[in-house]
1. What dipole magnitude, in Debye to the nearest 20, does region 189-298 give about its Cα centre under +1 on Lys/Arg Cβ and -1 on Asp/Glu Cβ?
2. If you line up the Cα atoms of the chain on their principal axes, what length do they span on each, largest first, in Å?
3. Sorted by mean Cβ packing within 10 Å, highest first, what order do the peptides 150-162, 56-68 take?
4. Checking the a/c ratio against 1.5 first, then a/b against b/c, what shape does the Cα gyration tensor give for region 148-244?
5. Given the chain, what percent of its DSSP beta bridges are antiparallel, to the nearest 5?
6. Give the peptides 291-297, 226-232 in descending order of average Cβ contacts within 10 Å, highest first.
7. Which value, in debye to the nearest 20, describes the size of the charge dipole of the chain about its Cα centre when Lys and Arg Cβ atoms bear +1, Asp and Glu Cβ atoms bear -1, and nothing else is charged?
8. What's the carbon and sulfur percent of the chain's accessible surface, probe 1.4 angstrom, rounded to a whole number?
Amino acid sequence: MTYKMIIDTDCGIDDAITIISAIKYGIDIVGITTVSGNVYVDQVTDNVLRILNFMGRNDIKVFKGAHKPLISEKTTPAKIHGENGIGDVELEKSPKSEEELPAPYAIYKLARENPGIVLLTLGPLTNIAMAFNLYPDLKNYVSKIVSMGGAVNFGNVTRFAEFNFFYDPEAAEFVLRLGIPILLVPWDPVVATPIFEEELKETFKGSVGKLILQMEKTVMDFVEKVRGVRGVFLPDPMALATFLDPTIIKSKINTSMHMELNHGSLMRGASIIGEGHGTEIVMEVDKGKFLNFFKNIF
Ligand code: RIB
Ligand code: CA
């Protein structure tokens, strides 16, 4: 079965891998929207256009979105994804530019044209919150939000906060309250699933696999200095893979998640597990099946 999707991204290396994988899987990507996160939105947009050009998919339209979080000041993430966000790999410039429509409106328009669409979110949720705030009936056209973000027991910015939700916690809270079915991949299953250099090489083959290895080199050089091993995490690809092949999921919880929003709190941006339900949170994945998902499409 194939799906129609809008991908919202702060394109980053693992975002790039996810976009490439969605293309290789045959997802009908009706548009890609961009948001500040790993790098500033102008750079994110340029990265997405270059990736699509490299993949020969200049037919996929790109829409630029939010420059900064709703309320938080823009923070500069660690330069683990390199200066340009894609491991400082210089891909050929795309002959195309982004479309004129801003991302939140594009999300609404594309969803209306494709009812039942899936929103795959790989970055801070600023555009998504803006879209649903501007157009409340957007709920009628979106069947599911698949999202990488949040932290149940382990974060990557602080002990309790994961980058995407920490960057724009108000937007995350807004989206988590929408009442739309959400499949969430928080930091927990990601940090439990390190992918080592040899595994990356065996998984991502061909010329596109070579590009992925090139982009991940920056990360592996960094990780080697800090941890003494060459490996990476694949948060955004895990969101795509667990949605498309739920047998990858070893355990999940159906609950609600909320954000700590208090500005004075050291916990601002942390995720809190509530007592409701409606958010399916992936807690553990089967690493072999996860890697096989990509081996089968590369
Ligand atoms: O915390 C991991 C997330 O932050 C991933 O989406 C990565 O690309 C960055 O956006
Ligand atoms: Ca991302």
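The values are calculated or read from the model by the stated rules, or taken from the named source; none is laboratory data. These numbers were taken from a predicted model, which means no experiment stands behind them. Here the Cβ positions follow ideal geometry from the backbone for every residue, glycine too, while neighbour counts run over all protein chains shown. To get the accessible areas, we keep the full protein, side chains included, count just its heavy atoms, and leave off ligands, DNA and RNA. Shrake-Rupley method; radii C 1.70, N 1.55, O 1.52, S 1.80 Å.
1. Working: 13 positive and 14 negative charges, 56 e Å.
Computed charge dipole of region 189-298: roughly 280 debye.
2. Computed over the chain, the largest-to-smallest principal extents equal 43, 40, 38 Å.
3. Values: 150-162: 20.0, 56-68: 18.2.
Highest mean packing first, the order is 150-162, 56-68.
4. Prolate, because a/c is 1.5 or more and a/b exceeds b/c.
5. Values: 11 of 36 bridges.
Of the beta bridges lying entirely in the chain, close to 30 percent run antiparallel.
6. On the way: 291-297: 17.6, 226-232: 13.3.
Sorting 291-297, 226-232 by mean packing, highest first, produces 291-297, 226-232.
7. 360
8. Working: 6480 of 12350 Å².
Result for the chain: 53 percent of the exposed heavy-atom area is carbon or sulfur.
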